[in-house]
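**Q** Before I ask anything, here is the structure I am working with.
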Amino acid sequence: MQKYMRWSGILVVLVLALAACSSPGTSAPASAPASAGGDPTAVCAADPMGCVEIADGDPIIIGTIFVTSGANETLGTDSKIGVEVAQSMKPQIADHDVELNNQDGLCNAEGGTAAANALINVEGLAGIIGTSCSGAGVPAAEITSAKGIMLISPSNTAPSLTAADTHQPFYARTAHNDKIQGAAMAQFACEELGAKSAATIHDGSPYAQQLQAVFAQSFQDTCGGTITAQEAVTVGQTDFSGTLGNIAADSPDLLYYPIFTAEGALITQQARKTAGLENTALAGADGMLNSDWLAAAGAAAEGVYLSGPDLAFTGDFYEDTFLPKYKEISGLDEPTSVFHAHAFDAYNILAAAIEKVAIESGGKTYIPRTALRDAVLATKDYAGITGTLTCDATGDCADAKISVSKVENGEFVRIWP
């Protein structure tokens, strides 16, 4: 983990030089609907989802749904701290103090459902940042959209969440779409590793299942590679000898298993001891790109490749302002995972959209829910830490750049591009 945040000095000249010209969180979404200043009674009556009403002196509530317990807690805790950094720098929205209501969404459908249901009836709730995992995001997005509550995820990457036929109307994300990550990993495997054959493992989650599928198709399309196996395991499984034995029968050049910390660490360890995989490169993704996976996998992690969001951010704001505040709030020496900046950007996009549509009248602030959704999705050329963000109609907002890291001497080292 020590090298996570030193990546910004490696290829900084290659990414978005314009982002260095302004501080993140200072520009408002462009082309948002203009409801501010109208008659709140008429505006709220006309909005299909009504309005959030905040009395003078009451806080605006921003909910969070992150995995903050269990094997994947470093993923969610990292994003939660990113939101807290944003709140510390912008403690008021529309002249109201901001209060966070944090829910543990675990990293599964049950957790996402419970956390979303815990938040949707909270008085003064203006929006939610989350979830951590796509498996939690699918049901959470359905629940919050049904209530007209904006949900912005910093780390959901499953393509289905923003696909035209499955997108929930009040959902957006600042994380990349795995259509991009899967294709990037396939390109790396073909061009950098010279792989001609590959196998995949997924755990049945929307994230893993969809990411490996994109990789497999892209691997075949990019270099005419052969997919020798696409295996499935279950969350909580500990013995992968059968799965690995099936894969080893064909001795593929690469094994890509974009799953999460616990199972990913065990597969890594067991693959190292599986006959037939001695010359197979091992690769995972951002679900394993954290300090807990590194510790759990131990020596077996050495040489493993991991795809994920490129952290080579431009500008001085991240190094000189964001990171010191992250360390102050968390008490940590380094961030624990890779989506903290995406969470920071999500908070500020939501805050800017609220201020764009909020109406102050009669000692109250009114936030029209549908207008807020439209303002978020109208975000254009937003100067964030992670780049210049523009949302499309189905909620993909990321300025997506993918990199590949390799574990060297017990640390993640960015090696590509």
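**Q** Do we find that Cys44 is in contact with a Cys (Cβ under 7 Å, 6 or more places away or on another chain) and surrounded by 24 or more Cβ atoms within 10 Å (Cβ to Cβ) in this structure?
**A** no
**Q** What single numbered condition from (1) farther than 20 Å from Asp310 by Cβ; (2) in contact with a strand residue (DSSP E or B) (Cβ under 6 Å, 6 or more places away or on another chain) fails to hold for Ala189?
**A** Every listed condition holds for Ala189 apart from (1).
Residue-wise test of (1) free of Cβ contacts under 8 Å to residues at least 40 places away in the same chain; (2) small (Gly, Ala, Ser); (3) touching a Cys at 6+ places or on another chain (Cβ under 9 Å).
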| residue | (1), (2), (3) |
| --- | --- |
| Ile62 | no, no, no |
| Ala86 | no, yes, no |
| Gln92 | yes, no, no |
| Asp97 | yes, no, no |
| Asn102 | yes, no, no |
| Asn121 | yes, no, no |
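**Q** Hey, among the residues in the stretch 205-215 that are aliphatic (A, V, I, L, M) and crowded, with 20+ Cβ neighbours inside 10 Å, which one's nearest to Glu110 (Cα to Cα)?
**A** Per the stated criteria, the residue is Ala208.
**Q** Another one. For Phe344, indicate whether it is in contact with a helix residue (DSSP H, G or I) (Cβ under 7 Å, 6 or more places away or on another chain) and buried (at least 18 other Cβ atoms within 10 Å of the Cβ).
**A** Yes; evaluated as a whole, the condition is true for this residue.
**Q** Considering only the stretch 204-234, state which residues are more than 18 Å from the chain's Cα centre (by Cα), hydroxyl-bearing (Ser, Thr, Tyr) and not in a helix (DSSP H, G or I).
**A** Thr226, Thr228, Thr234 - these are the residues of the stretch 204-234 that are more than 18 Å from the chain's Cα centre (by Cα), hydroxyl-bearing (Ser, Thr, Tyr) and not in a helix (DSSP H, G or I).
**Q** Now a separate question. Return the residues of the stretch 181-203 that are part of a loop (DSSP other than H, G, I, E, B) and over 21 Å from the mean Cα position of the chain (by Cα); say none if nothing qualifies.
**A** The answer is Glu192, Leu193, Gly194, Ala195, Lys196.
**Q** In this structure, does Ala114 turn out to be crowded, with 17+ Cβ neighbours inside 10 Å, free of Cβ contacts under 8 Å to residues at least 24 places away in the same chain and within 17 Å of Ser69 (Cβ to Cβ)?
**A** Taking the combined requirement at face value, the residue satisfies it.
**Q** Does the stretch 257-269 include one or more residues that are open to solvent by less than 10 Å² (accessible area, probe 1.4 Å), over 18 Å from Phe215 (Cα atoms), of a type in the set (A, V, I, L, M) and at pLDDT 95 or above?
**A** Looking for residues that are open to solvent by less than 10 Å² (accessible area, probe 1.4 Å), over 18 Å from Phe215 (Cα atoms), of a type in the set (A, V, I, L, M) and at pLDDT 95 or above, one finds at least one in the stretch 257-269, hence yes.
**Q** Count, please, the residues in the stretch 127-160 that happen to be open to solvent by 10 Å² or more (accessible area, probe 1.4 Å), in contact (Cβ under 8 Å) with a residue 24 or more places away in the chain and outside any loop (DSSP other than H, G, I, E, B).
**A** 7
**Q** So, in the stretch 288-307, how many residues would count as being at pLDDT 95 or above, of a type outside the set (A, V, I, L, M, F, W, C) and open to solvent by less than 10 Å² (accessible area, probe 1.4 Å)?
**A** Number satisfying all stated conditions: 1.
**Q** Every residue in the stretch 48-72 that is closer than 18 Å to Gly111 by Cα and open to solvent by less than 20 Å² (accessible area, probe 1.4 Å), please.
**A** Within the stretch 48-72, Gly63, Thr64, Ile65, Phe66, Val67 qualify.
**Q** Related question: Among the listed residues Ile402, Ile415, Ile385, identify the single one that is buried (at least 23 other Cβ atoms within 10 Å of the Cβ), under 25 Å from Phe322 (Cα atoms) and among the aliphatic types (A, V, I, L, M).
**A** Of the residues listed, the single one that is buried (at least 23 other Cβ atoms within 10 Å of the Cβ), under 25 Å from Phe322 (Cα atoms) and among the aliphatic types (A, V, I, L, M) is Ile385.
**Q** Which residues, taken from the stretch 165-175, are touching a Ser or Thr at 6+ places or on another chain (Cβ under 6 Å) and in a loop (DSSP other than H, G, I, E, B)?
**A** The answer is Thr166, His167, Gln168, Pro169, Phe170, Ala175.
**Q** If we keep just the residues of the stretch 171-183 that are of a type outside the set (Asp, Glu) and open to solvent by less than 10 Å² (accessible area, probe 1.4 Å), which is nearest to Ile149 (Cα to Cα)?
**A** Among those that are of a type outside the set (Asp, Glu) and open to solvent by less than 10 Å² (accessible area, probe 1.4 Å), it is Tyr171.
**Q** I'm trying to understand the selection: among the residues of the stretch 117-126, which are in a loop (DSSP other than H, G, I, E, B) and surrounded by 24 or more Cβ atoms within 10 Å (Cβ to Cβ)?
**A** None; the set is empty.
**Q** Of all residues in the stretch 59-109, which are among the hydrophobic types (A, V, I, L, M, F, W, C) and assigned to a loop (DSSP other than H, G, I, E, B)?
**A** Hits for the stretch 59-109 are Val67, Ala71, Ala94, Leu106, Cys107.
**Q** Do we find that Ala285 is modelled with pLDDT of 95 or more, among the hydrophobic types (A, V, I, L, M, F, W, C) and within 25 Å of Cys190 (Cα to Cα) in this structure?
**A** When the stated conditions are applied, Ala285 passes them.
The values are calculated or read from the model by the stated rules, or taken from the named source; none is laboratory data. Quantities reported herein were computed from a predicted structural model and do not represent experimental measurements. Here Cβ is always computed from backbone atoms with ideal geometry, including for glycine, and neighbour counts include all displayed protein chains. Heads up: the accessible areas ignore ligands, DNA and RNA and are worked out on the full protein's heavy atoms, side chains in. Shrake-Rupley method; radii C 1.70, N 1.55, O 1.52, S 1.80 Å.
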